[in-house]
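To keep things clear, I will list the structure first and then write my remarks on it.
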2 protein chains.
Amino acid sequence: MTNLSIGELSRRVSVKVPTIRYYEQIGLLPAPPRTEGRQRRYGAEDVSRLSFIRHARELGFDVEAIRELLSLSAAPEQPCEPADRIVLRHLESVERRIAQLQLLGSELRHMLDDCRHGQVGECRIIQVLADHEQCRHEHGRVS
Amino acid sequence: MTNLSIGELSRRVSVKVPTIRYYEQIGLLPAPPRTEGRQRRYGAEDVSRLSFIRHARELGFDVEAIRELLSLSAAPEQPCEPADRIVLRHLESVERRIAQLQLLGSELRHMLDDCRHGQVGECRIIQVLADHEQCRHEHGRVS
DNA sequence: CTTGAACCTCTAGTCGCTAGAGATTGTACG
DNA sequence: CGTACAATCTCTAGCGACTAGAGGTTCAAG
């Protein structure tokens, strides 16, 4: 359970070795003790913390949000409203991205529908790209 | 119409000046003629090409796809099936991303719903992050 | 002719990793 | 105990599509 090498930690938590070192470098994970030969050795606490980070990344939180969530989770007496707000903010950005992508998707479907599958010279796909006025919507930038 | 400075081209096409230089650097835009003092001067052809690029970027195509679309658009006699395929491939990736984000969104909504808005110690948000087994789905990585 | 906005090149930073080089360490086996 | 070799170490660079800034030059209006 304790004194895991970085490779063992990696397998347990399904986070790649270089990613673990990267997390240490940016301060998401504390620097663990080392063997005499300077190899890292991890304990149960690190397993939990890295799992937390991995789950949060899977949910699409960026590193800054994870930093905040981690520091919130260390203070169980505090109100959880700040955590709430972080999740809500992220949810809203996910929803904005979905809306953007849906616009994009319908645009692309229209392009495909309109294309008569002939030659490039009369291809609606190319025409729409060349002259956007023939297009249905305006978009912002999608991340 | 012709002999535009990079700033004029930028305003016409709504692409920022450094972005135009970047496109030249990566070979999306041809290197234009210069004045004696080495400043770029653009013509009508560049306006079209840059518009094409901008529209394609708005539709989320990556630079490699745009490169292909541009070279296809230069050959009006060729069948437009390759263009078709590029658009379809992109549409599919957009749809995959939408599906991913929708999973994420519902996950985040559940977290918010479950949170009783008390203290961090009993906060479902923190708990779910700390122990993913309490969670509903498995996800892959979202771009 | 002077001013100053626009232009030039070059480098580095963004985000969250990933890949690779080249050196060192840990460990299993004989 | 020696050796082989997998795993670890540090460091640097690269991804994509730009963006920002420094420090210097040119163009065009008045």
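See the values below:
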{"quantity": "Any chance A:Thr19 is modelled with pLDDT of 95 or more, surrounded by 13 or more Cβ atoms within 10 Å (Cβ to Cβ) and within 16 Å of DNA strand D (Cβ to nearest atom)", "calculated": "yes"}
{"quantity": "Cβ pairs under 6 Å, 6+ apart, first in segment B:48-67 and within 9 Å of another protein chain (Cβ to nearest Cβ), second more than 16 Å from DNA strand C (Cβ to nearest atom) and assigned to a loop (DSSP other than H, G, I, E, B)", "calculated": "B:Glu58/A:His139"}
{"quantity": "For A:Glu77: the one exception among (1) at the interface with chain B (Cβ under 7 Å from one of its Cβ atoms); (2) outside any loop (DSSP other than H, G, I, E, B)", "calculated": "(2)"}
{"quantity": "So B:Ser5, is it closer than 20 Å to B:Val87 by Cβ, surrounded by fewer than 18 Cβ atoms within 10 Å (Cβ to Cβ) and either more than 10 Å from DNA strand D (Cβ to nearest atom) or away from chain A (no Cβ under 14 Å) (or both)", "calculated": "no"}
{"quantity": "Residue match in segment A:84-94 (condition: crowded, with 16+ Cβ neighbours inside 10 Å, within 16 Å of DNA strand D (Cβ to nearest atom) and either at pLDDT 95 or above or not in a helix (DSSP H, G or I) (or both))", "calculated": "no"}
{"quantity": "Tally of residues being within 11 Å of A:Asp46 (Cβ to Cβ) and in contact with a Ser or Thr (Cβ under 7 Å, 6 or more places away or on another chain) across segment A:1-26", "calculated": "2"}
{"quantity": "Segment B:6-45, subset among the polar types (S, T, N, Q) and under 24 Å from B:Glu58 (Cβ atoms), residue nearest to DNA strand C (Cβ to nearest atom)", "calculated": "B:Ser10"}
{"quantity": "Selection status of B:Glu58, surrounded by fewer than 18 Cβ atoms within 10 Å (Cβ to Cβ) and among the charged types (D, E, K, R)", "calculated": "no"}
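The values are calculated or read from the model by the stated rules, or taken from the named source; none is laboratory data. Computed from a predicted model, the values in this text were never measured in an experiment. Note that we place each Cβ from the backbone using ideal geometry, even for glycine, and neighbour counts take in every protein chain shown.
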